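Asker: Dumping the structure here so I can ask a few things about it.
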Amino acid sequence: MTSDVETRVVRIIAEQALLEPSDVKMTDTPVDLGIDSMGLVEAIFAIEEEFDISVPFNANDPQGSAFDISSVRSIVAAVKSLVADQTT
Amino acid sequence: MRRVVITGAGTINPLGASVPATLDAMQEGRCGIGPLEIRDVDRLSVRIAGQVGGYDETAHFDRQQLSLYDRFTQFALLSAAEAVAQSGIAFNGALAERAGVVLGTSGGGLNTQDDNYRAVYEEGKNRVHPFIVPRLMNNAAASHISMTYNLQGPSFTVASACASSNHAMGQAAQMIRTGLADVMLTGGSEAMLCFGGVKAWEGLRVMSKEACRPFCATRTGMVQGEGAGVFVFEERDRALARGAEILAEVAGFAMTSDAGDIVTPSRHGAVRAIAGALRDAGLAPERVGYINAHGTGTTANDRTECAAVRDVFGGHAERLVISSTKSMHGHLIGGTGAVELLACLMALRDGIVAPTIGYREPDPDCALDIVPNVAREARIDVALSNAFAFGGLNAVLALARA
């Protein structure tokens, strides 16, 4: 069952990739979807606005950031965790 | 073609309030970056910067002047005063009409804008000071320098983001070369460290929260700075005739545009600018001993810049030295090329190359001699200063020992 967070994150990523949400697979990487570093920064901004959270991400060192952007699944998981942290 | 020399230099920046203080700091590898102290800093996620510390504007300017001088204008005027004093030049008689000022800035009077947007939007005021427009305009610093020193020739401001200063200085040199002017004050000034200014940069996600460590494998991005550098550029025969001390010759300049991406730098655009400056100077690449790198500390810039240097210099890339003084003073955006030119003057005149501090771990993509952490003695005959701006606008200056 897809969660509300997942639906909303996928919608944001799909919009950035100029795709339909149904075309975004959980295993896709941002590169698979044609999202470059600027697109990623924009998507993260959109996620922050959508969930009113602060995402730790430095474009100079994406791997070193606490926010795992290696796939759509990892992004969804990271957002869920940030949303959960916020409500506790 | 007429030749151009530098007969005066002045600065105020995070490393010091004069050229000697700045060069001392560069020799010591001192870091001018520290905790950012501005209003509402607690609402920022980036809280470090290269701020001009211990600065009291009222110690330098009276109340009437301050009603017209934004912080970037103040920095420019203080730098110009030092440069003009060193050059010993007086702009009277016929010279006044043959002298001008070209300054670089990106944000202009951004502090003035920030303060007054706050006043009308946040505080709900319906009235602002009458001089907000002349205080915030990008040409304010150039205009006040022209008024202070009676420079009646061509004066204007250049805004090309991080290349503003280099574009300005290149333009000033061309104007002297081609006979449009005999003496030009030139350089750049920036004072973007206000809440709105830093917040905008924060959004781009390229800012480091710890330090600016260019060329290091574990670098984490750029750090913003503020300050100014101003130089006296003078036609060489004129300078020789009046017995002025010549700090260096402005031997060549080139500018190119990537015509590519609005933020991602292009190796080819950088290559063409570096090679173009050498060609303009009529210098073989092997003559270059030092390059003051753009070296922002971002992943993209440092990798691209090192690749471009390898392309231009081939095997000589292994023998020249290259350093980024942004590791010490931060990125002064529109003023950065001017302050960085001081490192070139130091290399040419004093034989001391400023280091790239904060360096910990080699990056195979940046495998050049970047003068890690400690300044070095070297005889340098030709030095380059690189600037590669957002928007893909590149400007490189070549300086030769006097």
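Asker: Taking the criterion of being basic (Lys, Arg) and buried (at least 24 other Cβ atoms within 10 Å of the Cβ), would at least one residue in segment B:183-201 satisfy it? Before the answer, list the steps.
Answerer: Restricting attention to segment B:183-201, the residues satisfying the condition of being basic (Lys, Arg) are B:199.
Now drop any that are not buried (at least 24 other Cβ atoms within 10 Å of the Cβ), which leaves none.
Scanning segment B:183-201, I find no residue that is basic (Lys, Arg) and buried (at least 24 other Cβ atoms within 10 Å of the Cβ), so the answer is no.
Asker: Of all the residues that make up segment A:19-59, how many are among the polar types (S, T, N, Q), in a loop (DSSP other than H, G, I, E, B) and within 14 Å of chain B (Cβ to nearest Cβ)? Before you say what the answer is, go through the steps one by one.
Answerer: Narrowing segment A:19-59 to residues among the polar types (S, T, N, Q): A:22, A:27, A:29, A:37, A:54, A:58.
Among the residues that remain, those that are also in a loop (DSSP other than H, G, I, E, B) are: A:27, A:29, A:54, A:58.
Narrowing further to those that are within 14 Å of chain B (Cβ to nearest Cβ): A:54, A:58.
Total meeting the criteria: 2.
Asker: Residue by residue through segment B:179-227, note down the ones that are assigned to a strand (DSSP E or B) and farther than 17 Å from B:ASN13 by Cα. Spell out how you get there, then give the answer.
Answerer: Within segment B:179-227, the first condition is being assigned to a strand (DSSP E or B), and the residues that meet it are B:183-190, B:207, B:216, B:222, B:224-225, B:227.
Answer for segment B:179-227, where residues must be assigned to a strand (DSSP E or B) and farther than 17 Å from B:ASN13 by Cα: B:VAL183, B:MET184, B:LEU185, B:MET207, B:CYS216.
Asker: Continuing with this model, one more query. Check A:ALA84 against each of (1) over 13 Å from the mean Cα position of the chain (by Cα); (2) surrounded by 15 or more Cβ atoms within 10 Å (Cβ to Cβ) and name the one condition it does not meet.
Answerer: Result: A:ALA84 fails condition (2) only.
Asker: Only one of these conditions is not met by A:GLN16: (1) more than 14 Å from every other protein chain (Cβ to nearest Cβ); (2) in a helix (DSSP H, G or I); (3) loosely packed, with under 12 Cβ neighbours inside 10 Å. Which number is it?
Answerer: In the conditions (1) more than 14 Å from every other protein chain (Cβ to nearest Cβ); (2) in a helix (DSSP H, G or I); (3) loosely packed, with under 12 Cβ neighbours inside 10 Å, A:GLN16 misses (3) alone.
Asker: So B:CYS216 ticks every box in (1) under 21 Å from the mean Cα position of the chain (by Cα); (2) crowded, with 22+ Cβ neighbours inside 10 Å; (3) within 30 Å of A:GLN63 (Cβ to Cβ) but one. Which box is left unticked?
Answerer: Status for B:CYS216: all satisfied but (1).
Asker: In this structure, is B:ALA21 part of a helix (DSSP H, G or I), surrounded by 17 or more Cβ atoms within 10 Å (Cβ to Cβ), under 20 Å from the mean Cα position of the chain (by Cα) and not aromatic (Phe, Trp, Tyr)?
Answerer: Working: part of a helix (DSSP H, G or I): yes; surrounded by 17 or more Cβ atoms within 10 Å (Cβ to Cβ): no; under 20 Å from the mean Cα position of the chain (by Cα): yes; not aromatic (Phe, Trp, Tyr): yes.
For B:ALA21, the condition - part of a helix (DSSP H, G or I), surrounded by 17 or more Cβ atoms within 10 Å (Cβ to Cβ), under 20 Å from the mean Cα position of the chain (by Cα) and not aromatic (Phe, Trp, Tyr) - is not met.
To keep it simple, each residue is scored yes or no on (1) within 23 Å of B:SER106 (Cα to Cα); (2) within 13 Å of chain A (Cβ to nearest Cβ); (3) hydroxyl-bearing (Ser, Thr, Tyr).
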residue	(1), (2), (3)
B:THR178	no, no, yes
B:CYS194	yes, no, no
B:VAL198	yes, no, no
B:GLU202	yes, yes, no
B:PRO214	yes, yes, no
B:THR218	no, yes, yes
B:ARG236	no, no, no
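Asker: Kindly provide the set of residues from segment B:136-151 that are touching a Gly at 6+ places or on another chain (Cβ under 8 Å), farther than 14 Å from B:GLU190 by Cα and of a type outside the set (Gly, Ala, Ser), ordered by number.
Answerer: B:LEU151
Asker: Next question, about the same structure. For the list (1) under 25 Å from B:GLU249 (Cα atoms); (2) outside any strand (DSSP E or B), I need the number of the one condition that B:THR157 fails.
Answerer: (2)
Asker: Does B:SER155 satisfy the condition of being modelled with pLDDT of 95 or more, under 16 Å from the mean Cα position of the chain (by Cα), under 23 Å from B:GLN86 (Cβ atoms) and away from chain A (no Cβ under 14 Å)? Show your work before the answer.
Answerer: Numbers: modelled with pLDDT of 95 or more: yes; under 16 Å from the mean Cα position of the chain (by Cα): no; under 23 Å from B:GLN86 (Cβ atoms): yes; away from chain A (no Cβ under 14 Å): yes.
No, not satisfied.
Asker: Confirm whether A:SER70 is modelled with pLDDT under 95, away from chain B (no Cβ under 14 Å) and not in a helix (DSSP H, G or I). Steps first, answer last, please.
Answerer: Values: modelled with pLDDT under 95: yes; away from chain B (no Cβ under 14 Å): yes; not in a helix (DSSP H, G or I): yes.
For A:SER70, the condition - modelled with pLDDT under 95, away from chain B (no Cβ under 14 Å) and not in a helix (DSSP H, G or I) - is met.
The values are calculated or read from the model by the stated rules, or taken from the named source; none is laboratory data. This is a predicted model, so every value here is computed, not measured. Note that we place each Cβ from the backbone using ideal geometry, even for glycine, and neighbour counts take in every protein chain shown.
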